[in-house]
1. Out of curiosity, is V31 outside any loop (DSSP other than H, G, I, E, B) and at pLDDT 75 or above?
Amino acid sequence: MFTFQPNCYAKVITVDGQKKIVIYSRRDINVNEEITYDYKFPIEDEKIPCLCGASTCRGTLN
Ligand SMILES: [Zn+2]
């Protein structure tokens, strides 16, 4: 059974009134290791397009 275990997590912060997505690492990440993170954001009212191009990508960040 495949379990998605992202090595990063995303968080939305507000800087000067603008929402920013910041990615935090959960652990040490090797060089060339793919950055993955759970697409759980505290805001769901607007879709943020994802441009990562991964085949498993659902196209938005939230
Ligand atoms: Zn993506």
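1. Taking the combined requirement at face value, the residue does not satisfy it.
Conditions (1) surrounded by 12 or more Cβ atoms within 10 Å (Cβ to Cβ); (2) assigned to a strand (DSSP E or B); (3) modelled with pLDDT of 85 or more; (4) not β-branched (V, I, T), marked per residue:
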{"site": "T3", "(1), (2), (3), (4)": "no, no, no, no"}
{"site": "A10", "(1), (2), (3), (4)": "yes, yes, no, yes"}
{"site": "K19", "(1), (2), (3), (4)": "yes, yes, yes, yes"}
{"site": "E46", "(1), (2), (3), (4)": "no, no, no, yes"}
{"site": "L51", "(1), (2), (3), (4)": "no, no, no, yes"}
{"site": "N62", "(1), (2), (3), (4)": "yes, no, no, yes"}
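The values are calculated or read from the model by the stated rules, or taken from the named source; none is laboratory data. Only a predicted model underlies this, so the values are computations on that prediction, with no experimental measurement involved. Neighbour counts run over all protein chains shown; Cβ positions are idealised from the backbone, glycine included.
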